[in-house]
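The block underneath contains the structure these notes are about, expressed in C-alpha cells.
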Amino acid sequence: GHLALDRAVELTTLRGGEKVVIHAQHGEFERETDLCHLQVATADYRGGEATAGAANILFRQDGSAVRLDATSGFTLATATGRHIAAPTGSMDFNEHNQPRHGHLESGVTMDSASQNGSQSRHVHGTSPTAELDFTPQGELRHVRLERGVEMHSEELSELAAKTGIGLGDGPLRVSRTWRSPVADVEFREAGHGQVEPATIHGTQGVVVTGESQRGKGAVVPSRLAADEVTGEFGPGSVLTAMTGVGHASMEETTVTGTRQTSSGDRLEAHFAPRQAADAKSGAKNEPGGAAQIQSAMLEGHVVLIQEPSAKPGAPAASPMRATAGRAVYEGGGEWLRLTLSPRVEDGGLQL
C-alpha cells in the first residue's frame, strides 16, 4: 500500500501518447489514495520542462494524472525560450494526461527571449496570480493575469540607418512597459508544436510607456493610456497594432524636444514592421513615434497639442492646439487629417 523511493527517482508516464520522464530526489506512492509525493522533481517532455521543489500528483485508477499541486517553486519552460514561474501552482489534466487548466500564485514571473537575424527581443512580466487554459490537445491558449500586471519588452535591431540631425548610425533600441490591473493574453499556433501570443487585452485602466533610441542619440519617450487597451501581435511576437477605448491619450517627445499630446474617446495605432521602419529611416525621420507608428486614428472629442522646445535666449513659442471629431495620421507621408468640425489655433492664427 505504500512505496518510498529515495535518491535518483525516475518515473515514466505517457502524455498524449508521448513519453514524459520525471526525475526526483525522493518519491512516495500511496495506493489507497492514488497520490504521489515528489521532492525536487523535474519533468522532461517534448517541447518543454517543468520543475517543482515539492509536488503532489493525484492519479486516476487507469494511471492517468488528475491534478498536480506544486510548492517550493514551480517552473514551466519551453524549448523556444519561454519561461513562467511562481512559488506555488497547480495543474488539472484530462484523461489523456493533457493539461486543462493551471493556476499560479504568490508572485508569477514570465520571461521569453527570441533572436531573428540581427534583431533580438526580450520580454519580462510579473503578476501576483495567473490562470492558464489549454486546448484539448494540451496547447496553451489563454492566460489571465490579475491584481496588478506589468509586462516589459526590449527590442534591439542591429541594422544601421542614417538618422540625420547629428545622431549618427547605430542599433535601434525600443522598449515598452505595459501596466494594468488585469490582462488577458490569447495564444495561437506557431508551428512545430509551439504557440505564440496573438493578442493582449487590458482593462480597468492601462498605461503603456515606451522609449526609443538610435545608437547614442537622444532617448525618445512615449506614453499611451486608455480604460481598455488591446494589443495585436504578428509572427515572432512583434507588436503590430494597439487599440485604446475610453479616455484614450498618447504622448510623445521628439529628439528635438517637441512635446506632442493627443486625446480622444478611441485610439487605434498600427506599427510598421522593424525592417520597413529601418529601410525608411532618413534625415527627416526620428527614432520614436515617427519611425514606429505607421498610421494612427483618434475618434471622439479629439484634442491635439504640440509644444515646441524652448530655445536658449529665445522667447517661448506658443503651442499649437487642434480639436476635431476625428484625426487620422499617416506616418509614411507625415500627414495629419482632421475631420468633423476641425479647429486649429497656432499662436495668432485661428483656422
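Exactly one condition in (1) closer than 21 Å to residue 111 by Cα; (2) crowded, with 20+ Cβ neighbours inside 10 Å; (3) not small (Gly, Ala, Ser) is false for residue 250; which is it?
Among (1) closer than 21 Å to residue 111 by Cα; (2) crowded, with 20+ Cβ neighbours inside 10 Å; (3) not small (Gly, Ala, Ser), the lone unmet condition for residue 250 is (1).
Which of the residues belonging to the stretch 158-196 are at pLDDT 80 or above, of a type in the set (Ser, Thr, Tyr) and more than 23 Å from residue 105 (Cα to Cα)?
Within the stretch 158-196, the first condition is being at pLDDT 80 or above, and the residues that meet it are 171-189, 196.
Then keep just the ones that are of a type in the set (Ser, Thr, Tyr); that gives 175, 177, 180.
Across the stretch 158-196, the qualifying residue is only 175.
Run residue 96 past the list (1) surrounded by 15 or more Cβ atoms within 10 Å (Cβ to Cβ); (2) touching a Gly at 6+ places or on another chain (Cβ under 7 Å); (3) at pLDDT below 80 and report the number of the one that doesn't hold.
(1)
Just to verify a result, which residue in the stretch 207-217, among those that are out of contact with any Phe, Trp or Tyr (no Cβ under 9 Å at 6 or more places or on another chain) and open to solvent by less than 40 Å² (accessible area, probe 1.4 Å), is modelled with the highest pLDDT? So that I can check it myself, show each step before the final result.
Residues of the stretch 207-217 that are out of contact with any Phe, Trp or Tyr (no Cβ under 9 Å at 6 or more places or on another chain), as a first pass: 210-217.
This time we only want the ones that are open to solvent by less than 40 Å² (accessible area, probe 1.4 Å), so: 210, 212, 214-215, 217.
On the way: 210: 88, 212: 84, 214: 80, 215: 81, 217: 80.
In this case the residue turns out to be 210.
In the list 86, 41, which residue meets the criterion of being crowded, with 18+ Cβ neighbours inside 10 Å, under 26 Å from residue 2 (Cβ atoms) and among the aliphatic types (A, V, I, L, M)? Working first, answer last.
Values: 86 fails: under 26 Å from residue 2 (Cβ atoms).
Going through 86, 41 in turn, the sole match is 41.
Please go through (1) touching a Gly at 6+ places or on another chain (Cβ under 7 Å); (2) surrounded by fewer than 20 Cβ atoms within 10 Å (Cβ to Cβ); (3) modelled with pLDDT of 90 or more for residue 127 and return the number of the only condition it doesn't satisfy.
(2)
At least 1 residues that are surrounded by 11 or more Cβ atoms within 10 Å (Cβ to Cβ) and over 35 Å from the mean Cα position of the chain (by Cα) in each: list the strands (runs of 3 or more DSSP E) lying fully within the stretch 293-348 that qualify. Quick ask: steps written out before the conclusion?
Numbers: elements: 293-307, 320-330, 335-339, 343-346.
Filter on the stretch 293-348 gives 343-346.
Within the stretch 132-150, is even one residue surrounded by 19 or more Cβ atoms within 10 Å (Cβ to Cβ) and among the charged types (D, E, K, R)?
No, because not a single residue in the stretch 132-150 is surrounded by 19 or more Cβ atoms within 10 Å (Cβ to Cβ) and among the charged types (D, E, K, R).
Let me spell it out: the conditions are (1) open to solvent by 40 Å² or more (accessible area, probe 1.4 Å); (2) within 22 Å of residue 142 (Cβ to Cβ), and residue 237 meets all of them except one. Which number is the exception?
Here residue 237 clears every test but (1).
If you check residue 253 against the conditions, is it modelled with pLDDT of 90 or more and among the hydroxyl-bearing types (Ser, Thr, Tyr)?
no
In the stretch 56-79, which residues are buried (at least 16 other Cβ atoms within 10 Å of the Cβ) and part of a loop (DSSP other than H, G, I, E, B)?
Correct list: 64 only.
Scan the stretch 256-281 residue by residue and report those that are at pLDDT below 85 and assigned to a strand (DSSP E or B).
As a first pass, look at the stretch 256-281 and keep what is at pLDDT below 85: 256-258, 271-281.
Matches in the stretch 256-281: 271 only.
Which pairs do you get when a residue that is in a strand (DSSP E or B), found in the stretch 21-32, comes within reach of a residue that is of a type in the set (Ser, Thr, Tyr) and open to solvent by 50 Å² or more (accessible area, probe 1.4 Å), reach meaning Cβ atoms under 8 angstrom, with the pair 6+ apart or on two chains?
Between residues of the stretch 21-32 that are in a strand (DSSP E or B) and residues that are of a type in the set (Ser, Thr, Tyr) and open to solvent by 50 Å² or more (accessible area, probe 1.4 Å), the close pairs are 21/12; 21/45; 22/12.
The values are calculated or read from the model by the stated rules, or taken from the named source; none is laboratory data. Since this is a predicted model, take the numbers as computed values, not measurements. Glycine also receives a Cβ, built like all others from the backbone with ideal geometry; neighbour counts cover every protein chain displayed. Areas reflect the complete protein model, heavy atoms only, side chains present, ligands, DNA and RNA absent. Shrake-Rupley method; radii C 1.70, N 1.55, O 1.52, S 1.80 Å.
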